[in-house]
Amino acid sequence: MSTFVTYCVVMESSAITRRATSAPRTPGIYIWRNAQRVPLYVGKAVNLRSRLSSYAKNADQRIRAMCAEATTIEWEPVATEIEALILESRRIKLLKPKYNIVMRDDKQYAYVGVTDAAFPQFIITHQARSPRSGVAFKRLIGPFTDSTALRSTLRWLRGLFPYCTCTQTHHVRCLNAHIGTCHGYCCLKQKSSASERAEYKRSITAITDILEGKRDALIRRLERDMKRAGAAHDLERALTLQKLAGHVRRVFENATLMRRTPRQASHTGALAALQSELGLTRLPHRIEGYDIAHMHGTHVSGAMVVFTDGSPSPSEYRLFNIRGRTGGDIAQLHEVLERRMKHTEWPLPDLIVVDGGKAQLHAILSSIETSDIPVIAFTKDERHHGNHVLSSLDARIRMLADIPRAVRDLITRVDDEAHRFSRAQYRKRHRKSSVEHSR
């Protein structure tokens, strides 16, 4: 039986506001329909009442056109944000509402690709029809409208059902295995056992079923297998299956996503201002900053820093030891970005910040395959103080002093952090080289 609540409304601001007060303050999805009951738009919300109320104030012409065509709205409350994310994906795939297409004309949906490997991995991609070269998907799950919530969901699920994210095999257990987000044997050079492969497959199947909305079928299957294991006196397997079933219930009972801390929330205004100032098509949730460090051409290092929702994410920082020996900073930056973009398991940035001018800007643009990633170059004077900002989105050269302070401070923080990290890594390599040379 459907749990949808449906209301016929006259699509005027006052009527939308009045009807929205009937919606619960819970996560869920909602559907706008026209007079023929044809679905126009499917959306999700952390708070249905708040989200639906916002339509009365939205001035976006596409949204106003949808409201003018719609005659009914219905919603379906769910228990968690994860369930809303998954349910929205299923409804969009099934109903294909026209305004979901219209309102995504400046960005693509996100999909979860399951790699075709002995130990599959999950990779978020925006290229459903033509995945990145070198990555073969045996299935795609989606579409999902919210990449940030999708990444949070995968992080949550990985803590319950570990899977591998390593790009190469090694002789010892990886760090992720020690913190419980990887089984440990999947990325070892030594051959895995049949039982280990079966355990890994259970993790992949569980996550796949959850993302496809097959919760009940998954729980029934786990409980059935648990009873069979118990009847066969395989108590260890029965306990493992019981634990997995409990994990699935936990996902849909008390999981919450994207609960920002006060510090994170304070950056929201800066991100919105940055989006407006540079004309970005989406809020820059993930910003990557790059810098090259060396001493007279030796011990050259390229650094990547990551800011998530305006705050540094040190666990995602990466160092690239430069392999090329000629071409100077521009060629080295080009090498770093080419190598970074090969890591399809890393989320794509919403914005790239680089220390430099037009040459550095073009070096990055020529290195990234995804042309819709905006890039800004941050130029400095002889005292290493920022003075101009260049963007890949237009030909303007902005004076840093003319940019809103919140935007200026955020760009400067990303650039300073990239500079600090690259210098710290350079010094570490230099000290190591000095010690080895003195022996």
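The values are calculated or read from the model by the stated rules, or taken from the named source; none is laboratory data. This one's a predicted model, so the numbers in the text were calculated from it and none came from an experiment. Because the Cβ atoms are built from the backbone with ideal geometry, glycine has one as well, and the counts that use them run over all protein chains shown.
Structure above, values below:
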read-out: Test: residue in the stretch 312-329 that is charged (D, E, K, R), modelled with pLDDT under 70 and over 19 Å from the mean Cα position of the chain (by Cα); value: yes
read-out: Total residues in the stretch 99-131, condition among the small types (Gly, Ala, Ser) and either touching a Ser or Thr at 6+ places or on another chain (Cβ under 9 Å) or at pLDDT 80 or above (or both); value: 4
read-out: Test: residue in the stretch 176-189 that is in a helix (DSSP H, G or I), in contact with a Ser or Thr (Cβ under 9 Å, 6 or more places away or on another chain) and modelled with pLDDT under 85; value: yes
read-out: Within the stretch 40-71, considering residues that are out of contact with any strand residue (DSSP E or B) (no Cβ under 6 Å at 6 or more places or on another chain) and among the basic types (Lys, Arg), the one surrounded by the fewest Cβ atoms within 10 Å (Cβ to Cβ); value: Lys57
read-out: Enumeration of residues in the stretch 209-247 that are of a type in the set (Gly, Ala, Ser), assigned to a helix (DSSP H, G or I) and farther than 23 Å from Glu83 by Cβ; value: Ala229, Gly230, Ala231, Ala238
read-out: Cross-chain or 6+ apart pairs with Cβ under 8 Å, the stretch 335-358 first and in the same structural domain as His285 (by TED's automatic domain parsing) and closer than 27 Å to Ser152 by Cβ, then among the polar types (S, T, N, Q) and part of a loop (DSSP other than H, G, I, E, B); value: Leu337/Ser367; Met341/Ser367; Met341/Thr370; His343/Thr167; Glu345/Gln121; Glu345/Thr165; Glu345/Thr167; Leu348/Thr370
read-out: Test: residue in the stretch 132-144 that is aliphatic (A, V, I, L, M), modelled with pLDDT of 80 or more, more than 13 Å from the chain's Cα centre (by Cα) and part of a strand (DSSP E or B); value: yes
read-out: Looking only at the stretch 387-425, and only at residues there that are under 26 Å from the mean Cα position of the chain (by Cα) and either small (Gly, Ala, Ser) or not assigned by TED's automatic domain parsing to the domain that holds Pro284 (or both), the one that is surrounded by the fewest Cβ atoms within 10 Å (Cβ to Cβ); value: Ala406
read-out: Options Cys187, Cys164, Cys182; residue that is over 21 Å from Asp225 (Cα atoms), under 18 Å from the mean Cα position of the chain (by Cα) and crowded, with 19+ Cβ neighbours inside 10 Å; value: Cys164
read-out: Filtered residue count, the stretch 72-103, keeping only those that are assigned to a loop (DSSP other than H, G, I, E, B) and surrounded by fewer than 17 Cβ atoms within 10 Å (Cβ to Cβ); value: 2
read-out: Of residues in the stretch 271-300 being in a helix (DSSP H, G or I) and modelled with pLDDT of 80 or more, the one surrounded by the most Cβ atoms within 10 Å (Cβ to Cβ); value: Leu274
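One line per residue, one yes/no per condition, for (1) buried (at least 20 other Cβ atoms within 10 Å of the Cβ); (2) modelled with pLDDT under 85; (3) assigned to a strand (DSSP E or B); (4) out of contact with any Leu (no Cβ under 6 Å at 6 or more places or on another chain):
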{"residue": "Phe307", "(1), (2), (3), (4)": "yes, no, yes, yes"}
{"residue": "Ala331", "(1), (2), (3), (4)": "no, no, no, yes"}
{"residue": "Pro347", "(1), (2), (3), (4)": "yes, yes, no, yes"}
{"residue": "Val354", "(1), (2), (3), (4)": "yes, no, yes, yes"}
{"residue": "Ala363", "(1), (2), (3), (4)": "yes, yes, no, no"}
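Here is a yes/no grid of residues against (1) assigned by TED's automatic domain parsing to the domain that holds Ala118; (2) modelled with pLDDT of 85 or more; (3) within 30 Å of Glu88 (Cα to Cα):
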position: Thr169; (1), (2), (3): yes, yes, no
position: Arg173; (1), (2), (3): yes, no, no
position: Lys191; (1), (2), (3): yes, yes, no
position: Arg197; (1), (2), (3): yes, yes, no
position: Arg228; (1), (2), (3): no, yes, no
